[in-house]
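Have a look at the structure below before the remarks.
The values are calculated or read from the model by the stated rules, or taken from the named source; none is laboratory data. What you are looking at is a predicted structure, and each value in this text was computed from that prediction instead of being measured. All Cβ positions, glycine included, derive from the backbone under ideal geometry; neighbour counts span all protein chains shown.
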Protein chains: 2
Amino acid sequence: MSGYSKSTVSRAISGNGYVSEDAKKKILRLANELDYVTNAIAQDLAKGTNHQIGLVLPHVKHPFFKQILEGVLEKSFDTHFKIVILPSNYDEALEIKYLEQFRKKAFEAMIFTSTQVSEERLMTYQKYGPLVLCHKPAHADIPAIYTERRLGYEAAFAWMKMQGVKSIGFLFARAKSPTTSVTISAYEKIFGQKVRKEQMLTGAISDEDGYALAPEVGQFDGIFANSDNIAAGLWLWYEERGLKKPLIVGQEKLLAGQLLNLPTVDNHYMELGQEAFQLAISKEVKQVSIDSNFYPSRPTT
Amino acid sequence: MSGYSKSTVSRAISGNGYVSEDAKKKILRLANELDYVTNAIAQDLAKGTNHQIGLVLPHVKHPFFKQILEGVLEKSFDTHFKIVILPSNYDEALEIKYLEQFRKKAFEAMIFTSTQVSEERLMTYQKYGPLVLCHKPAHADIPAIYTERRLGYEAAFAWMKMQGVKSIGFLFARAKSPTTSVTISAYEKIFGQKVRKEQMLTGAISDEDGYALAPEVGQFDGIFANSDNIAAGLWLWYEERGLKKPLIVGQEKLLAGQLLNLPTVDNHYMELGQEAFQLAISKEVKQVSIDSNFYPSRPTT
DNA sequence: TTGAAAGCGCTACCAA
DNA sequence: TTGGTAGCGCTTTCAA
């Protein structure tokens, strides 16, 4: 420092408080010469905040997570908040690690696109800041934004039934998840029968998985896949072998589904991401739902 | 604090330095009761680092950026580094803002997937830490990892020529970019003629853009698109109208291209992301290139 | 084995 | 308009 005191320099550089024009000029010129800048971490410490939001994602291979990410980034764009990606790989221990960092003020808010950790445990961290979920919570006092998929799914199953489908196979990412429960319950309502274990295939995350699982769905005349990409992977397997395809329904209204004219359920996940970000910075404790829509395949000309 | 001094407590909690078993137990028990945890920002300040890497992305709509992101996240997973997403929207002023934050120690390293800012300017920030580029720089002393696309592109054009294509239209994201230059030069080498302005269509980022640009490519019998998704969007437009399609070549070996059996150039962008991360934390100043590969369409059965 | 004290680099209040 | 001083909440060295 040459000339003025710490405080004056701070004021000159940050622009908070009175500094004479003269002093300001001198200080800024010198700072420039000395290549001096303030330290962001120290500023954060002094201000007690870092304007970072942690976004927990198991991975970014499934459209659900990609689209949420896209929505979150879009909305964060015109704010001073930064998004820190926290890859969780569906690992509870990792989620807890991130929650502990949150507790240590590493982030101002957190968005969970998926949780392994129990809701009760999650709630014990709410006192440290906004914590928003991307699926429907059991408790009312935890902020959440989710797609109400029941109606979309029911419409899809009703349509499949109408098309004469007798036996449906499901492609899921995991055996237990919010997705599986709502899918199963919608199916049981429309078809009036319990889902059997054999109907549920898991491990479907990207299109390759759909392709890989294709050999195991021979006994079904209808397939409900957890994304259009996975549906397309399955389609490709049949196509390559010239086999008769089951009736395949996808999700998310993605390009691949459109190309193949597959019926699909649009769950509006990008919008979900946008809202999740807003909710995280609003500090409101509310739950918002978005309805999904079913789109049958276009009539073939 | 009840009983011991600041230092002893710090040692007990962080696990650095000698603390008697007795003291440690008491301190940890009390910390637990009082719900006390260390402050991450203060720790960062004291340690002088925050283990964050800034990843500059114009957006995440194009496969190039999506795949780099995926690669970066994958590699960051087993390190203590966190990825902070910095959306730039191809805006130079924003890039500079991020560089200034970097200078203020907001990140330990930065990865630029795209730059508007000049290389010279970028280089003035190298003294603040590793700065890695995802395209081939003009200068040798800036770390970079990029796909050497020349050979893949030349193979693609040679193949198109062999198929009898006379007039090629190009779909680009922007009019000026590393992509446009290498594409143009590969084309000119193979076809032995200059690219005319009319051949270049811009604004192609996602499949919708390919669809939207389709009406403007009627005069070409060959299309070189900047991703399979964009190629597929274009394909869809023709398909819906039952028109004869030009020979369409895509890039990235994506699902959509596979479904339509489009020839494609694989630029290995996910691998690029992985290497970019490694380069960022290695602090080495080296330039690494990955070769792209051309895949003609499969022979139709 | 523990504690005092200096430092990390800033902000912000209060006098002067 | 400026400077002194007290935080922000930790880590780390050096004595004791």
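So here's what we get for this one:
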read-out: Matching residues, segment B:77-107, being buried (at least 17 other Cβ atoms within 10 Å of the Cβ), of a type outside the set (A, V, I, L, M) and at the interface with another protein chain (Cβ under 7 Å from one of its Cβ atoms); value: B:Lys82, B:Pro87, B:Gln101, B:Arg103, B:Lys105
read-out: Selection count where residues are within 8 Å of chain B (Cβ to nearest Cβ) and among the aliphatic types (A, V, I, L, M), scope segment A:40-56; value: 4
read-out: Strands (runs of 3 or more DSSP E) (entirely within segment A:18-134) containing at least 2 residues that are touching a helix residue (DSSP H, G or I) at 6+ places or on another chain (Cβ under 6 Å); value: A:52-57, A:82-87, A:109-112
read-out: Considering residues of segment A:35-65 that are under 29 Å from the mean Cα position of the chain (by Cα) and near DNA strand D (Cβ under 10 Å from one of its atoms) only, the residue surrounded by the most Cβ atoms within 10 Å (Cβ to Cβ); value: A:Ile41
read-out: Scan of segment B:16-34 for residues that are more than 13 Å from DNA strand C (Cβ to nearest atom) and either loosely packed, with under 10 Cβ neighbours inside 10 Å or more than 28 Å from A:Glu108 (Cα to Cα) (or both), ordered by number; value: B:Glu33
read-out: Considering residues of segment B:262-301 that are assigned to a strand (DSSP E or B) and of a type outside the set (S, T, N, Q) only, the residue surrounded by the fewest Cβ atoms within 10 Å (Cβ to Cβ); value: B:Asp291
read-out: Segment A:247-261 - residue that is buried (at least 23 other Cβ atoms within 10 Å of the Cβ) and in contact with a Gly (Cβ under 6 Å, 6 or more places away or on another chain) and, of those, modelled with the lowest pLDDT; value: A:Gly257
read-out: Segment A:175-215 - residue that is touching a Gly at 6+ places or on another chain (Cβ under 8 Å) and in contact (Cβ under 8 Å) with a residue 40 or more places away in the chain and, of those, nearest to A:His62 (Cα to Cα); value: A:Ser206
read-out: Subset of segment B:108-127 [crowded, with 19+ Cβ neighbours inside 10 Å and either outside the structural domain of B:Ile53 (by the TED database) or aromatic (Phe, Trp, Tyr) (or both)]; value: B:Phe112
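Yes/no matrix, rows are residues, columns are (1) in contact with a strand residue (DSSP E or B) (Cβ under 8 Å, 6 or more places away or on another chain); (2) under 25 Å from A:Leu255 (Cα atoms):
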| residue | (1), (2) |
| --- | --- |
| A:Gln163 | yes, yes |
| A:Thr183 | yes, yes |
| A:Ala186 | no, no |
| A:Val195 | yes, no |
| A:Ser227 | yes, yes |
